[in-house]
Structures are given as structure tokens and as C-alpha cells.
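Please treat every number below as a calculation from the coordinates, not as lab data. Quantities reported herein were computed from a predicted structural model and do not represent experimental measurements. Positions of Cβ are backbone-derived with ideal geometry, glycine not excepted, and every protein chain shown enters the neighbour counts.
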Amino acid sequence: MAAYQSQRLQGAGMGFLAGYVDTLGFIALFGLFTAHVTGNFVLLGASLADPQQIPSLLKILAFPAFILGIAAARLLVVACERRAASAHKPSYLLQLVLLTGFMVCGMLAEPVPKQMGALAMAAGLLGAAAMGAHSAASKLLLSNLAPTSMMTGNVTQLVIDGVDWLRGAGDQATTARCGKFFWPVFGFALGCAGAAFGFLAFGFVALLAPIAILCLHLWLPAAGGEAKAASAPA
């Protein structure tokens, strides 16, 4: 039961973090998705199709920044595996450093003009890299949880299981999946709402909320239910 409670809190907390950072970046940086690669593809495609719209450099560079965040997290996990050490806290620390950079650069850039300068650009790229690292850590180290930054698959699974319950085909496995996928979705939705109000009230300082979540995970002992990282290739 304790392991289940820990998994539920961790899923909700990491989902909250992803929704919060993605929404704050979207509001603060004129439609930039830091955690939602699909959204950036859509925005870029729409702007490229309209000759009156020139895609911002930040939106073009957000995707490679996200990739760099994934690559950094993967290399960090591999390095920890080679030392037979846990990679959980180092991965949280990597996200913490990148998110802190996002916040500091954003604070220095405020108020952010429509023609974004270097500091605003750096803020967006650090945010995208942070969420790339977050997504990679979720897949590599927290495979016992549902994805915490990609909600489309989570919602799809919840609806499938809901339909099965309604038609009388639900079982214990269905219940377990509902618990696994519900909490990241719930946390993500709360994070989206919290970031919207938080940014309007405090600006980039509102990023202290997801930073606090990462600090808490750095302070707490690793949860016993955490899955081991995938083995590094030879």
C-alpha cells in the first residue's frame, strides 16, 4: 500500500511539473510548448504554410533543445549505470539546473517583448531542454509510472478502460491501469491551471513551484517502487 501511495504521489507530482512548465512557457513566450513536441510541430507547420507568418527562431530551435535535453539525460543515466549507482537523483538535479536557468533568464528578460532578445530566447531553450530531460527520465527511470508529459496516450488508455468498465468487462488489471494513468493526467491538468494563475501573478518567479517539486524529490529517499533504468548499450 505504501508503494502504491508513493507511486500515485510521484505520478501526480511529475505530471503537475510537466503541465506547469509547458503552460508557463506557452503563456510567457508567445505560444512556445516546452514539453509538447507535437504542438510545436503544428505551430511551425501552420506558420510555414502562411507566407504572412514567419516562424520565430525560438520555435525553430525548441525542438533541437528538447533533443539535447533527452540526450543529456540518457548520457547521465548511462554514466550512473556504469558506476552501478542510482540515476534518479542525478536526473532530478539535471532538470533542476535547467529549470532554474529557465526561471533566471526569464526573470532577467521581463517584460518579454514580442521581438524576443537573447535572454528570453535562452529561457525558452532551457525550458525545452529541461522538459526533454524530464521526458527521458520518465521513460528510462520511472517506467512503473504512466508518462508524465505526454497526456494523449494516458487519456486514450483511461477512456478505453472506462468503456470496458461500462460494458462490464473491467477487472483488477483495469482498475490498476486506471490508477496508473489517472494521477499523471490529474496532476498535469492542475499544473496547467496553476501555471496560468501563477505566471499572471508572479511572472517567471512562478517557476519556483516545479523547482520545489524537484527539490523535494532530491531530499526524499528514492521510492522503493521505482523501476531500474534500461540497460545501456554495450
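Note on the range 85-191: the C-alpha convex hull projects to 9.0 nm² when averaged across all orientations. Divide the volume of the convex hull around the Cα atoms of the range 21-87 by the residue count and you get 85 Å³ per residue. The simple spin-label model puts a point 7 Å past each Cα toward its Cβ; for ALA46 and PHE30 those points are separated by 1.5 nm. Between ALA120, ALA109, ALA173, the residue with the greatest mean-square fluctuation in the GNM of the chain (Cα pairs under 10 Å linked by springs) is ALA173.
In the elastic network of the chain, a GNM with C-alpha springs shorter than 10 Å, the most mobile of ILE27, ILE211, ILE70 is ILE27. For the chain, the membrane-span-like helices by this rule, meaning whole DSSP H stretches whose C-alpha atoms cover at least 24 Å of axis and whose Kyte-Doolittle mean is -0.5 or above, are 2-28, 57-82, 88-109, 118-141, 172-202; this says nothing about an actual membrane.
Using only the alpha-carbon atoms of the chain as identical scatterers, what base-10 log of I(q)/I(0) does the Debye formula give at q = 0.12, 0.14, 0.15, 0.18 Å⁻¹? Here log10 of I(q) over I(0) equals -0.68, -0.90, -1.00, -1.31. Between LEU9 and LEU57, the modelled label-to-label distance comes to 4.5 nm, taking each label 7 Å out from Cα in the direction of the beta carbon. Charged neighbours of TRP165, selected by a Cβ distance under 12 Å, balance to -1 (K, R count +1; D, E count -1). Highest mean packing comes first when the peptides 179-190, 80-91, 34-45 are listed by Cβ atoms within 10 Å, giving 179-190, 34-45, 80-91. Report summary: the helix-based calculation at 222 nm, which adds -39500 (n - 2.57) for every DSSP H run with n ≥ 4 and divides by the residues of the chain, gives -25500 deg cm²/dmol.
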